[in-house]
Each structure stands twice: as C-alpha cells, then as structure tokens.
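A.B. asks: Sending over a structure as structure tokens; questions will come in a sec.
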Amino acid sequence: MSKPAPCPGVTALLVIAKEPVPGRVKTRLTPPFSPVEAAELATAALEDTLRTVLTLPARRRVLVLDGHPGPWTPSGFDVLPQCAGTLDERIAAAFGTCSGPALLIGMDTPQITSALLAPALAQDAWDGCDAWFGPAEDGGFWALGLAVPDPGLVRGVPMSRPDTGAIQRARLTDAGLTVRDLPPLRDVDTAEDARYVAGAAPHGAFSATLGRLERAVAR
C-alpha cells in the first residue's frame, strides 16, 4: 500500500543543490574517495534529501539546481536554475522566487527527518515567528526559513566560514525578526563527516553508498 500524500502546508520548501558531477561536488571527500565516488555520495545525499522533502507538508517543493536534472530528480518538484554569483547571492535569489513563507535547506544533510523539520512546517510555524534557523556544527547553517522571503536578509553574508551561521543569524535579529532555532546538524564535507552522518541515518541511500564504497576499498 502506498503512503498517503502529505497534507498541503503553508510553507514553500526549497532545496538548493548542485548536479552531482564528478570533480564539481564534494571535492573535500577527495581523497580518500575518487571524484567519481564523491559524486556517488553526493547523488545519494541528494536522493535522501529529496525523498524526505516529498514526505513533508509544503505549499510548494522547489529544487534550486546548479546544473541539470537527472534520474535522481523525483516528480513533485519544480526545478529552477540557480543564478550566477556567490552562494549568498544564489540563496538570496532562491528566496526571491517565493511570495510567501519559505524554508531553504541544502543537500549536505541527508540525515534530515520529517520530525526534525516539523516545527518549521507546522500550520502555526509562523505564529509569532519571522524566521527559522538551523545551525550547522561547522559554523554555517543547514536551514533558513523566512516568513517574508526578503533576499536582502541573506545577500552579503560571507559563506563557508566558521562564523557564517553567527553572521546570518545576527542579520536576522538585527532586522528585528523573531527567530526560532532548529537543532544543529553536521554537514557532509569530509570523510569523517560522511561516516558520522551515515551512522545518524543508517537506513538511507547515503549510508548504503558509503558502506559499499568502503567495503570495496577494504577488499
């Protein structure tokens, strides 16, 4: 029996991602993994992320993609191209496509679950709340939600730094927004991160792919 479709939500869900092309994704996994293997892990992370998003209540589901859709792209998503520019500009532009509450996540946290995101996607998620913020353990952020998706709240925030998350959250509070926090998560950047995240989500495609690759090395 197929699972019932999730109820429509009040929030648009955005996934910002890169097409998993060898040499362009997860380059910090190389070594110990080859560029092809790193791309396989990126594909699995993206598949797990998109599969989870399909189970969540959302007004709209959007894949904001740098590259081209592939067999890993499920139905149920609008696919929009990322704009050119730095990551802050691309995230800002993604929010600029929305006309109502929006929550953006990336492809680096395949351990996300419906329970983890439930507070930011509930019918009352925006009652007395202007923004949701999910900090990453490396100092960045893995989720950002805006009741009014103003690109200016993101544009200009320096990315990929240990203080990126702190600067982004301060940008929100300095604008007078009421911010609620989601639990911190670990991004997949290094091989150590990959093993940790696979252990946190042992039944997903990412964990299975990592296990297969590491078994091949051990033989």
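A.B. asks: Quick check, is LEU63 within 24 Å of SER207 (Cα to Cα), open to solvent by less than 60 Å² (accessible area, probe 1.4 Å), assigned to a loop (DSSP other than H, G, I, E, B) and aliphatic (A, V, I, L, M)?
C.D. replies: Answer is no for this residue.
A.B. asks: Give me the pairs, please: first residue somewhere in segment 17-38 and part of a loop (DSSP other than H, G, I, E, B), second residue anywhere and charged (D, E, K, R), beta-carbon distance under 7 Å, and either six or more positions apart or on two chains.
C.D. replies: GLU19/ASP66; ARG24/LYS18; VAL25/LYS18
A.B. asks: Collect the residues in segment 14-36 that are under 21 Å from the mean Cα position of the chain (by Cα) and either surrounded by fewer than 15 Cβ atoms within 10 Å (Cβ to Cβ) or at positive phi (or both), keeping them in residue-number order.
C.D. replies: The answer is GLY23, LYS26, THR27, ARG28.
A.B. asks: Sort through THR113, THR86 and tell me the only one that's within 13 Å of the chain's Cα centre (by Cα), surrounded by fewer than 18 Cβ atoms within 10 Å (Cβ to Cβ) and of a type in the set (Ser, Thr, Tyr). First the steps, then the outcome.
C.D. replies: Numbers: THR86 fails: within 13 Å of the chain's Cα centre (by Cα).
Being within 13 Å of the chain's Cα centre (by Cα), surrounded by fewer than 18 Cβ atoms within 10 Å (Cβ to Cβ) and of a type in the set (Ser, Thr, Tyr) holds for just one of THR113, THR86, which is THR113.
The values are calculated or read from the model by the stated rules, or taken from the named source; none is laboratory data. Bear in mind the structure is a predicted one, so any value in this text is a computation, not a measurement. Note that each Cβ is placed from the backbone with ideal geometry, even for glycine, and that neighbours are counted across all protein chains shown. The protein model used for the area step is the full one, side chains on, heavy atoms only, and it has no ligands, DNA or RNA in it. Shrake-Rupley method; radii C 1.70, N 1.55, O 1.52, S 1.80 Å.
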